Amino acid sequence: MLTAPSLTIRRTPRLIRRADPETLFVTCTVRGHAVGEQAGRQADLRIGDLMLRDSSRPYLTRFGSGDPAGGRLLSLQFPRSMLPLPERSVRRLSAVRIRGDRGIGALASQFLL
């Protein structure tokens, strides 16, 4: 769980070359607003929304700015090998907003929270 008035998380190619744990992150916005970028896409996340990120590719996540109470993100990290999807599928799913107020997104969001 990350809580901060404002925070930017940046995973650069240099950091990836230095160490890549080959993990995936499922991030859920608990409080405030977050923006995630990866693979040329940008996801604007509201409370309860989910997003997938891949540690093997550069990404940027910003949250908490503009909210006087700050922001809070819950991030579940797991080995990439646990999600048996081809590379192209993981790439296609990264930094895509999964709405937390309907369907499988609502179910997953409530489970994580």
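Taking the listed residues Val30, Val96, the one that is of a type in the set (Val, Ile, Thr), surrounded by fewer than 18 Cβ atoms within 10 Å (Cβ to Cβ) and not in a helix (DSSP H, G or I) is Val96, with no other qualifying. Residue-level check: of (1) part of a strand (DSSP E or B); (2) modelled with pLDDT under 95, Glu37 misses just (2). Annotation: Ser65 fulfils all but one of (1) at pLDDT below 95; (2) part of a strand (DSSP E or B); the unmet one is (2). Is there a residue being closer than 13 Å to Arg57 by Cβ, of a type outside the set (Gly, Ala, Ser) and surrounded by 14 or more Cβ atoms within 10 Å (Cβ to Cβ) anywhere in segment 38-45? So far as segment 38-45 goes, yes, one or more of its residues are closer than 13 Å to Arg57 by Cβ, of a type outside the set (Gly, Ala, Ser) and surrounded by 14 or more Cβ atoms within 10 Å (Cβ to Cβ). Considering only residues in segment 1-27 that are touching a residue at least 60 places away in the same chain (Cβ under 8 Å) and not polar (S, T, N, Q), the one that is surrounded by the fewest Cβ atoms within 10 Å (Cβ to Cβ) turns out to be Met1. Condition first: charged (D, E, K, R) and under 11 Å from the mean Cα position of the chain (by Cα). Now tell me which residues in segment 81-97 satisfy that. Correct list: Arg97 only.
For segment 28-65, filtering for residues that are under 17 Å from Val90 (Cα atoms) and in contact (Cβ under 8 Å) with a residue 24 or more places away in the chain leaves 18. Taking the criterion of being in a loop (DSSP other than H, G, I, E, B) and not charged (D, E, K, R), the residues of segment 1-27 that qualify are Met1, Pro5, Ser6, Thr12, Ala19, Pro21. Of the listed requirements (1) surrounded by fewer than 15 Cβ atoms within 10 Å (Cβ to Cβ); (2) farther than 22 Å from Glu22 by Cβ; (3) touching a residue at least 12 places away in the same chain (Cβ under 8 Å), Arg102 misses just one: (3). Of the residues that make up segment 6-17, is at least one more than 24 Å from Phe111 (Cα to Cα) and among the small types (Gly, Ala, Ser)? Yes, the conditions are met somewhere in segment 6-17.
Every residue, every condition in (1) touching an Asp or Glu at 6+ places or on another chain (Cβ under 9 Å); (2) farther than 21 Å from Leu15 by Cα; (3) of a type outside the set (Asp, Glu); (4) modelled with pLDDT under 95, yes or no:
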site	(1), (2), (3), (4)
Ala43	yes, yes, yes, no
Leu50	no, yes, yes, no
Ala69	no, yes, yes, yes
Leu83	no, yes, yes, yes
Pro86	no, yes, yes, yes
Ser89	no, yes, yes, yes
Ile98	yes, yes, yes, no
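The values are calculated or read from the model by the stated rules, or taken from the named source; none is laboratory data. This structure is a prediction, so every number in the text was calculated from the model and none was measured. Note that we place each Cβ from the backbone using ideal geometry, even for glycine, and neighbour counts take in every protein chain shown.
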